[in-house]
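Scroll down for the structure; my scribbles are underneath it.
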Amino acid sequence: MLRSLLDLLMPRTCASCGCRLALDEVHVCAACMLSLPIETNHDWHHNLHTAKWADHEGVVAAGAFTRYTHNGIAAHIIHSLKYYRRPALGQWMGQLAARQLQPTGLFDGIDAIVPLPLAPQRHRRRGFNQGELIAQGMAEELHLPVQTGLLRRTGAFESQTHFSYAERLENAKDAFSLANGLNTDALSGHHFLLVDDVITTGATMLSAITALEQIPDVRFTAFGWAWVNRG
């Protein structure tokens, strides 16, 4: 009764279409969930992104929960998270992805989850890092630690929304570095799950991989909650 009363006074809405949620729906309505383009190609070791990063020996796999299309359901959900200040949505997104993808083997052998950090000014303005929220939700399901102290942003880093592929590579080049004073030997041999909200060209993820390659014998699985993947 209390939940029904709260829904009456403060109606919850779908993060994708904006319609009012039913009592048993959480963040996204059933209709949008059914239409969400879940990634069905689970060959995580051989796909568009692992092929792009083939010269980085530490990259073990790359994967995503859903496919990102302009003005699509995944895009609306991510937009709601980032610009409508719905941090609980981010944790739910991570839980959902981890729960559904764990049986596929994508997370096998992972030692820790590393969300890609935002530029400090953007983090202050938004109030949270959407990748970190997703990572926290995944960690709850996978029972893994989240490590936020490995990487730091090295510059302002412009939004990549309207950049070409070449411009994205240049913009994201050297976007990350290892945190000051990091003991890389203590992390030797670790397998990190790198998490971002969206993988588009992979330029941002590649910059994070390049920075972390200073750790001896390190391995990576790259994960975006959604990705633009035409391969």
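A few points about this structure:
- Residue selected from segment 173-202 under the condition of a type in the set (Val, Ile, Thr) and touching a Phe, Trp or Tyr at 6+ places or on another chain (Cβ under 7 Å), by the criterion nearest to Ile73 (Cα to Cα): Val198
- Pairs, first at pLDDT below 85 in segment 104-128, second surrounded by fewer than 16 Cβ atoms within 10 Å (Cβ to Cβ), C-beta under 7 Å, six or more apart: none
- Taken over segment 201-228, residues that are within 15 Å of the chain's Cα centre (by Cα), open to solvent by less than 10 Å² (accessible area, probe 1.4 Å) and in contact (Cβ under 8 Å) with a residue 60 or more places away in the chain amount to 12.
- Matching residues, segment 173-200, being of a type outside the set (A, V, I, L, M), assigned to a strand (DSSP E or B) and under 18 Å from the mean Cα position of the chain (by Cα): Phe176, His191, Phe192, Asp196, Asp197
- For segment 84-106, a residue qualifies if it is of a type outside the set (Ser, Thr, Tyr) and out of contact with any Gly (no Cβ under 9 Å at 6 or more places or on another chain), and the qualifying residues are Arg86, Ala88, Leu89, Arg99, Gln100, Gln102, Pro103, Gly105.
- Qualifying residue in segment 24-39 (condition: closer than 28 Å to Val218 by Cα and free of Cβ contacts under 8 Å to residues at least 12 places away in the same chain): no
The values are calculated or read from the model by the stated rules, or taken from the named source; none is laboratory data. Computed from a prediction, not measured in an experiment: that's the story for all the values here. Reconstructed Cβ throughout: ideal geometry from the backbone, glycine too, with neighbour counts over all protein chains shown. Just the protein is used for accessible areas: all its heavy atoms, side chains included, with ligands, DNA and RNA removed. Shrake-Rupley method; radii C 1.70, N 1.55, O 1.52, S 1.80 Å.
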